[in-house]
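Remarks on the structure that follows.
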Amino acid sequence: MSVSSAMSSLGGRAVEVPLIRCPHCRTRVKFYLSNTDTHEGWLFYKCINGPCGFWHWELEYIVYLVEHRFLNGNEAVDAIGAAEDRREQLLREREERARLAGIAAGIYDRRPSGSPMTKQQADALLCLGREMLLVLKAMMGSFLLLCVMFGISLLKK
Ligand SMILES: [Zn+2]
């Protein structure tokens, strides 16, 4: 089997992450950098055959490689160690971003907390509720009327 590889580093030491052929469709797997809000900077490995659907985050991909014996012994230990380190770092970065975003939101959002609804809003909602009840009652009324009329028309026959 021919296997090309991506390089990742563990404390300066290079760890090879093999790019295997997709287990489903035999197309080459490639690696990408995520740029979504929740996973910014995360590496993932994906079959380039779109509809196939084989993909994993780096750590899960390496675990897959170890489980299927693409990586063995020290290579496997090093690769998992490096991926776990990077996962921890990415999670820390994400927490830090969330913390900073929270501070920024605090600066720009100075509404007093504790009274999420004003008296006027509450009254408006109550009023709306009453109106809906009236509509419901009117509908029930006309439904009953229909039933009665239907009943009468049956009796007449
Ligand atoms: Zn595939």
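The values are calculated or read from the model by the stated rules, or taken from the named source; none is laboratory data. Because the structure is a prediction, the values reported are computed rather than measured. Note that each Cβ is placed from the backbone with ideal geometry, even for glycine, and that neighbours are counted across all protein chains shown. Heavy atoms of the whole protein, side chains included, go into the accessibility calculation; ligands, DNA and RNA do not. Shrake-Rupley method; radii C 1.70, N 1.55, O 1.52, S 1.80 Å.
Scan segment 61-81 for residues that are open to solvent by 40 Å² or more (accessible area, probe 1.4 Å) and within 16 Å of the ligand (Cβ to nearest atom) and jot them down. Passing the criteria: 68, 70. In segment 24-43, of all residues being in contact with a Leu (Cβ under 7 Å, 6 or more places away or on another chain), of a type in the set (A, V, I, L, M, F, W, C) and open to solvent by less than 50 Å² (accessible area, probe 1.4 Å), the one that is nearest to the ligand (Cβ to nearest atom) corresponds to 29.
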